[in-house]
Amino acid sequence: MVFPKPLTTGDKVAILSPASYIDPARVDGAAKVLGEWGFDPVVCPHCKGVNGSYSGTVEERLSDLLWALAEPSVRAILCSRGGYGTIHLLQHVAPSTLRRDPKWIIGFSDISALHAMSISSGIASIHASMAKHLAEHGSKDACNQLLLNALQGVLPCYKFPFHPLNRDGEASGTVVGGNLAVLCGLVSTPYDILKPGRILFIEDIAEEIYRVERMLYTLRLNGTLANLRGLIVGQFTDYRNHERNGETMEHMIRRMVEPFDYPVAMGCPIGHINGNIPMIEGARATLSVAHGTTTLKFI
């Protein structure tokens, strides 16, 4: 796996919107934070655009992404937000374009599709908060500081609190993951990153328990769940907890992986929450769940 070069003062960071449109004020706020960090933010031409629910046509959004990938002075790409629409771009980006000059791609939710594209081409990326969190919480916010550290080449070590549904164990492997619905939508495509021997992290928003169970059954039936090294369960937010079968989301997920013996860490701060910690996709890490504490140490 290739790691893009760490950023230094004066490096350009392109801000673009590969999916849904965004409030322009959030883009401006994110650019301000990047500037305070010593970087040179570049707002792409269609970043603040509106075309239906998208920030632009497929061609407009693609042109911003291809420019940012090809421009030598751009060292990282911050996706302004997720929503829906990133999937439109994947087939138009050749792996050689990504490999020619590897750059950090930053974002989460629907941006999981870009992470999958990058990982499939052998390039690490950063699953992390986007323009809204940067703009609303500022340059000194703890999670934003963790993103800055990651961009500067500092690999994190996280400690998560006890969760009663955790499963103890220790494992090392390559970390991949993101939005579960997006990842499941890429199964059996060239962008399927759910390979054996990986530590998988998952999160989602506004998906009912039975829908998440259906996705996990896909991964159980195709052998993905059986062949993981470890599972990190992030936040599943904004779902209606009216499950007639008496299960919470976490209980259902634990049941789905019950036959397997790898460590499982529940309730981790990843996903559609304010404290969405950066995850370095494509990096190796050791996951240790024991004695009431979960540790994730990137190597």
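General observations
- Net lengthening on full extension, Asn51/Ile299 (0.36 nm per residue, minus Cα-Cα): 85.1 nm
- Surrounding net charge for Leu186, when Lys and Arg each add one and Asp and Glu each subtract one, Cβ distance under 13 Å: -1
- Sequence-separation-based contact order of the chain, relative, with Cα cut under 8 Å and 6+ spacing, percent: 19
- Normalised contact order of the range 11-65, rounded percent, pairs of Cα under 8 Å and 6 or more residues apart: 46
- Cα-based Lys pair tally, the chain, threshold under 16 Å, eight or more apart or on separate chains: 9
- Loop-located trypsin sites (Lys or Arg not before Pro) across the range 56-164 with a Cβ neighbour count of 14 or fewer within 10 Å are Lys140, with loop assigned by DSSP.
- Rounded tilt (10° steps) of 209-221 against the dominant C-alpha axis of the chain: 80
- Between the range 68-88 and the range 155-180, the alpha-carbon center distance in angstrom: 27
Coordinate-derived values only; no laboratory data. On a predicted model such as this, the values are computed, not experimentally measured, just so you know. Note that we place each Cβ from the backbone using ideal geometry, even for glycine, and neighbour counts take in every protein chain shown.
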